[in-house]
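K.L.:
My questions will all concern the structure given below.
Taken together, the values in this text are just the output of simple stated rules run on the coordinates, not laboratory data. Predicted model, so just to flag it, every value in this text is computed and none were measured. All Cβ positions, even for glycine, are placed from backbone atoms using ideal geometry, and neighbour counts span all protein chains on display.
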Amino acid sequence: MKNFGNENYTPENYKYVGKVNVPRKDAKDIVSGKAMFLDDYKLPRMLIAKTLRSPYAHAKIKSIDTSEAEKLNGVVAVVTYKDVDQNMKMGWPPTKPILGEELMYVGDPVAFVAAETEQIAEDALPLIKVEYEELPAVTNALDAVKDDAPQLYPDLFKNNIITPGYAPFQKDGPFWHLIKGDIDKGFEDCAFIAEDTVEFAKMAAPNAPEAPGAIVRWEGGKNFTVWCDTQSGHICKTLNNIVMPDANFDVRTFNVGGSYGNKQSQVMQVMSALILSMKTNRPVKVFQSKVEQMCCFETRLGSQVHAKIGMDKDGVIQAVKGEWTVDAGCLSNTTQGQVGVGIGEAQLVMAKCPNWDLDTNLVATNKQPAGIVRGYGGQELNSCLSLLIGRTMREGNFDPVEVYKKNYVCEGDVYTWRDGRQWQAHSVNYVKAIEESSKKFDWKGKWKGWGIPTWESEDGTLVRGVGCGIIGNADIGEDNTEAYVRVVPDLFTDKSRVVIQTNITESGMGQRSNIIKMVADVLNVDYDMVDITPPEIKINPTGFGLCGSRGTICYGHAVSSAAEDVRQKLYDLAVPFLEVTTDSMYMTDYGVATLARPGKFVSWKKLIPPDLTLTGYGQHLENFSTPNMFMIFVEVEVNKETGQVKLVDCLGGTDCGQAIDPAMLEMQVQSGIGSASLDTAIYEEHVIDPSILRTMTYDMIEYKWRPFNDFPTYETCVLESQFDTFQFKATGVGEIAGAAAASATMQAISNAIGVQVATYPATPDVILKALEKL
Amino acid sequence: MAKDTINLSVNGIDYTFSIGDNFGQVPCNETLLDTLRNRLNLTAAKKACDEGACGCCTVIKDGDAVPSCMTLLADCDGCQITTLEGLSDPVTGELSELQQKFIDYYAFQCGFCTPGIIMTTKALLDKNPHPTEEEIRDALSGNYCRCISHYHVFEAVNAIAGRPEDLDEKWEGRR
Ligand code: FES
Ligand code: FES
C-alpha cells in the first residue's frame, strides 16, 4: 500500500489521479439511457410554454390582441410586454426588458403562452394578432457605431456602444483598453509590421445537442425553484438576479447535453418560465426548439479588428496597436468579461511585447444575442490577431513555431488580466511542449515556408498546406470556490463513505468524477466509496461550475483542501489511540495508522461519535497566475478547381501539469474541432439574408457541421510537468483546445494555395476568389 | 384506410394505442419519439433537432436505425421497436457488450448523442457484425456529436467489430 497522506503529491503515489482505471461515475447511466436531462424531467401540473417571436430585426409593437389565443382550450396564460414589469431588464448593464414594446432582432420574444400541452401552446401562437411598425435596423457592428445608424437603446448608449466594464469581474473599475509602454517608439524598433482590418464575425452557433431550457416553479413571494440545463447553476442564478435582484433562486441541474460555455445564464428561458409560473401558480417548462436555439440563443461574438502589429528582427513582437469592435448582438450578457479575457489572452500569446494600445468597443446590433462560448472572447480576438502576426512572420520569413516559442508567456512574464490587474506568470513554461508537439506532428518535415504547399498532386489540382496556432488562458484559476468533504461511517460495517459537497454540473468533461479521484487519493479510499452531491446551489457551497477550464484547479484545490482538512481532523482525533504525533500518521483502510508504530490502527468510525459525520472544508481563492497553453497543428488539402477544403490531419499539444484522467483529457483535446471552433475556418457560419435580416442557417440542415465520416486523423501530445498550481499540480486545458484552431487552419489554407486568405470561413467561393477563379 | 388502433412491440413489450383526437388517444401526427418519451416514459432517445438531422432520437425499427422524430407512431403498426433501454438486461441491469465497450473506451462526453449513436451502431452490427472502418463511419454519418467523441466512438465500435485497440498498451503505466 502506498503511504499517501503526508503531503506526498507525486504521481507514483496516486491510485486514481493520472490513471485510466475507473469509469466516470455516470458512465453506466449514460450508456443505458438512465442519465437524466432536463427534457426528461416532469413536475406535477407542469405547463409547457412557447414563445411568439418577432419577424422583424427592429420593430415596435403597434397593437397586440391575445384574446383569441386565450380562448383556445388548454391555454392557461398569455403574456405580452403589457403584463411584464419593464424594469425587469436583462444584460449588462441592465438593458432590455424580458418582453418589450420594441423588438430588437428577428426572433425577439413578443408573447409567451403557457398551455397544458406543447401542441396547444404552439397552436395558440398564430392566434395572437400583432401589428408591427418596422424600424430601421443595423446588423453590422462597424455600421452601428456610425452617427447616422439606428439607435437601439438611445437612453442608455450613444452610437450603440455598450458601457464597458463588468463590476463583479472588475472590482477596481472597468477594464476595456490596454495601454502599456510607448506604442510609437515600439513600432520604430520593429523590422516587420503588418496592419489591416480582419474579421471573425460570422457569429457561428455552438449548437449543443440539447437545446436551452428551464422549468420554474414559483414558491410564493420572490422564491423560485429552477431546474435548468445550465452548465453552471451559480452563474444562472447570478445573471437572473440582474433581472430580479431580490429573487431567491434555488437552481438545480441534471446532466447537461453539451454546453461549450454557451448554456450558462439562460436568462430568457428562466425568466419566461418564471413570469408564466407566477401568473399561473403552476410549474412552467420552456424548452427551445432547435430553430429557436439556432436563431435566438447566444452565438459567438462578432469580432472586427483593425490592428497593427510590429515584430523585431529576431521575431519578437514589440508593439500592438488595435481597435477591437465586438458585436454583442442585441445585448451584452456580461460580454465585458469576455472582452477583458480576450485582451488578456492576446498578451499571453505576445507576452514579451512591452508596447500596447489595444482598445475595444462593445456594440449592440439588431441580431440575436451573442455571448459566452468556449474560448470566451479569446478565440474571437485570436482568430483575427493571429492572421496579422502571421503576416509579420511571413515578412520576416520566420517559422511560426519558433516565433510562438519565443513569444508565448512563461514564468515571470507580466500581463493585465480581465480584472484590470497585473499578474505575473508563475511556474509555467511551455517551450518543451511546443517543441515536442511540433516534433510529433513532423512540423519541420511538413513546413516548407510561407505560401508554399507541403504537397501537390501531379496535375496540381490538389494542394496541401500546414499551419499552427497557439493560445492560452489564465482564467483556469478564476472565481472563488468552496467544498466540503464529509466522512460518513457505515452503521453496520467498519467502513465509511466519503461525500463531496460542491457544486459541479456534468456537461461532458467528466470533472465530477475527476474530483472524486482526487479526494479518493487524498483519503486513500476506493473511488467507489466516494459520492458527490447533486448539482444544486442550495445544498452546495459556492461553485461557479466548469467554465474556462477552471474545474481542475478551482474545484481540485477546494476539494483536495477539504479532504486534507478532514484528514487532519481525523489525525488529531487519532492521537490518543495511536499515541504518536500526527506527522507520522497516514490513511489506510478507512482508518488511521502510523509509520512510527506499525500495526497500530484506528478506524474512522471509532473516531467519530455514533451516527454523526466529520466534515472538512476547503476553498480556492481566485488566482490568474498560471495560464495554460494549447498549440494546434493542422494539415489541410485544398482542391483548387472546386475550392473545397478538406481537413486531413491535426495534432493538439499541451502541457497540463498533471493529467487527472488522461482518457478524458484526450477527448477534451480532440473536442477543439467542435463547438464552433476549428470549422469556423472551413464552413461554419451563420448567414443572414441581407434584405429581410433573417438567419438563413436556421436549422441543422442549413447550418453546416462536421459529420462522422469526415474526420481527420488526430494525434495528441500531452506533457505533464507538475506545475505549482495546487496539490495535484495540474492545470485545466479543455476550453482552449479549439481556440486557436481556426487561425491555424486559415494559415494552413493560405500555405496550401499560396495566396493569403483572411475571410472566415474559407468556403469554396472564398478560395476561388483568392485564386482569382471567380 | 387509416387504422384506428396501432399494435407494436417496444423492447419486447406489446402495446396497443388508439389513434384519435380524444383525451388519451394518439393523434395521427404524433411521432414515435413523442410516444416513447411522453407516453411510455422511455426517455433515452432524445429530442434534439426534431427534423431528422442529428440522430439523437435514433431507435431500431424492425432492424433498421431510424430517426424516431421522423417516424409517425401511426406508421409503426406491427413493428418491433428497440430503444437504448432495451439493450441492457431488464432484470439485472447488466449492460450489453456494446454498451460496455462505450464505457471501456470512454466513448461519450455529455452523453446526449450517445443513445442515438449506440442504437445506430447496434443496427449496423446486427446486420454486419464485422463492419469495416468506412462502413462504421458511413453508418454513423447521420449522428451529430458536438462534443467530438467521434475518435473514442470509433475505438469502441472497432473493438466490437474485431479490431480492438489494446487499452493496456494505449494507457501503459496508467491502468
Ligand atoms: S431529433 Fe430526431 S434526428 Fe434529430
Ligand atoms: S457526447 Fe456530447 S454531443 Fe456527443
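K.L.:
For peptide A:707-716, compute the average count of partner chain beta-carbon atoms within 10 Å of each residue's beta-carbon. List each step's numbers first, then the result.
P.N.:
Values: counts 10, 16, 10, 3, 5, 0, 1, 3, 0, 1.
Per-residue shielding by partner chains comes out at 5.
K.L.:
Okay, moving on. In straight Cα distance, which lysines are under 23 Å from A:Lys773, not counting same-chain residues fewer than 8 positions off?
P.N.:
Cross-link targets: A:Lys640, A:Lys646.
K.L.:
Continuing with this model, one more query. For chain B, with a Gaussian network of springs between Cα atoms less than 10 Å apart, report the residue from B:Glu30, B:Glu133, B:Glu165 with the top mean-square fluctuation.
P.N.:
B:Glu165
K.L.:
Tell me, what is the FRET efficiency for A:Arg694 and A:Asn21 to the nearest 0.05, using R0 = 45 angstrom and their Cβ-Cβ distance as r?
P.N.:
FRET efficiency, A:Arg694 to A:Asn21: 0.30.
K.L.:
FRET efficiency for A:Asp459 and B:Met70, Cβ-Cβ distance as r, R0 = 41 Å, nearest 0.05?
P.N.:
0.45
K.L.:
What residues of the stretch A:547-578 lie in the reach of a label at A:Ala596, counting those whose backbone N is under 17 Å from a point 7 Å from the Cα along Cα→Cβ?
P.N.:
Zone members listed by number: A:568-578.
K.L.:
Dipole of the protein assembly as shown (Lys/Arg Cβ +1, Asp/Glu Cβ -1, origin at the Cα centre): which of A:Pro154, A:Ser496, A:Thr680 lies farthest to the positive side?
P.N.:
About the Cα centre, the residue reaching furthest to the positive side is A:Ser496.
K.L.:
For helix B:114-127, report the angle its Cα long axis makes with the longest principal axis of the Cα atoms of chain B; keep it between 0 and 90° and round to the nearest 10°.
P.N.:
Compared with the principal axis, the helix lies near 90 degrees.
K.L.:
Non-local amide H neighbours of A:Val251 (under 5 Å, H modeled in plane, Pro and chain starts lacking H): which ones?
P.N.:
A:Val226, A:Ile537, A:Lys538
K.L.:
Let me ask another. Most exposed first by the Cβ proxy, i.e. fewest other Cβ within 10 Å, how do A:Glu292, A:Glu380, B:Glu135 rank?
P.N.:
The fewest-first ordering by Cβ neighbours comes to B:Glu135, A:Glu292, A:Glu380.
K.L.:
If you count the DSSP beta bridges with both ends in chain A, what percent of them are antiparallel, to the nearest 5?
P.N.:
Around 75 percent of the beta bridges assigned by DSSP in chain A are antiparallel ones.
K.L.:
A:Lys19: which aspartates and glutamates have alpha carbons under 16 Å from its alpha carbon, excluding same-chain residues fewer than 8 sequence positions away?
P.N.:
A:Asp521, A:Asp526, A:Asp528, A:Asp661, A:Glu666, A:Glu720, B:Asp104, B:Asp166, B:Asp168, B:Glu169, B:Glu172
K.L.:
Now a separate question. Cα-Cα over 29 Å: which of A:Lys263/A:Lys495; A:Lys171/A:Lys432; A:Lys71/A:Lys285; A:Lys158/A:Lys769?
P.N.:
A:Lys263/A:Lys495; A:Lys171/A:Lys432; A:Lys158/A:Lys769, as the Cα separations exceed 29 Å there.
K.L.:
Kirkwood hydrodynamic radius of the stretch A:523-577 from all distinct Cα pairs, in Å?
P.N.:
13.3
K.L.:
Take the Cα of A:Thr542, step 7 Å along the line toward its Cβ, and report every residue of the stretch A:499-522 whose backbone nitrogen sits under 20 Å from that point.
P.N.:
A:501-505
K.L.:
Something else now. Taking Rh as the Kirkwood radius computed over C-alpha pairs, what is the Stokes-Einstein D of the protein assembly as shown at 37 °C in a medium of viscosity 0.692 mPa s, expressed in µm² per second?
P.N.:
Values: Rh = 29.0 Å.
Reported coefficient: 113 µm²/s.
K.L.:
Here is a further query. I need A:Glu715, A:Glu772, A:Glu133 ordered by Cβ neighbour count within 10 Å, fewest first.
P.N.:
A:Glu772, A:Glu133, A:Glu715
K.L.:
Once you place label points 7 Å from the Cα toward the Cβ at A:Asp182 and B:Val91, how far apart are they in nm?
P.N.:
8.6
K.L.:
5 Å is the cut-off here: which amide hydrogens, built 1.01 Å from N in the peptide plane, fall below it relative to A:Gly616, excluding neighbours closer than 5 in sequence?
P.N.:
Answer set, sorted by chain and number: A:Val485, A:Arg486, A:Val487, A:Val566.
K.L.:
Using modelled amide H (1.01 Å from N, peptide plane; none on Pro or chain starts), what sits under 5 Å from the amide H of B:Ile19, excluding residues fewer than 5 places away?
P.N.:
Residues meeting the criterion, in which the H sits 1.01 Å from N, are B:Thr5, B:Ile6, B:Val26.
K.L.:
Give the angle, between 0 and 90 degrees and rounded to the nearest 10, that separates the Cα long axis of helix B:150-160 from the longest principal axis of the Cα atoms of chain B.
P.N.:
90
K.L.:
So which GluC sites (Glu not before Pro) in the stretch A:176-229 pass both tests, a DSSP loop state and at most 13 other Cβ atoms within 10 Å of the Cβ?
P.N.:
A:Glu219
K.L.:
What whole-number distance in Å separates the alpha-carbon centres of the stretch A:487-546 and the stretch B:72-108?
P.N.:
Centre-to-centre (Cα) distance: 29 Å.
K.L.:
Using the beta-carbon distance between A:Thr163 and B:Glu134 and R0 = 60 Å, what value does 1/(1 + (r/R0)^6) give for FRET efficiency, to the nearest 0.05?
P.N.:
According to the calculation, E is roughly 0.65.
K.L.:
Hey, got the average number of other protein chain Cβ atoms within 10 angstrom for residues in B:98-109?
P.N.:
Per residue, the number of nearby Cβ atoms from other chains is 6 on average.
K.L.:
What are the DSSP H helices in chain A that stretch 20 Å or more along their long axis, judged by alpha-carbon atoms, and whose average Kyte-Doolittle hydropathy comes to at least -0.5?
P.N.:
On the way: long enough: A:335-349 (21 Å, 0.43); A:378-395 (25 Å, -0.11); A:556-578 (31 Å, 0.15).
Going by DSSP H runs, the hits are A:335-349, A:378-395, A:556-578.
K.L.:
Excluding residues fewer than 8 places away in the same chain, name every one of the lysines whose C-alpha is closer than 17 Å to that of A:Lys352.
P.N.:
By straight Cα distance, A:Lys352 reaches A:Lys180, A:Lys185, A:Lys308, A:Lys313, A:Lys321, A:Lys405, A:Lys406.
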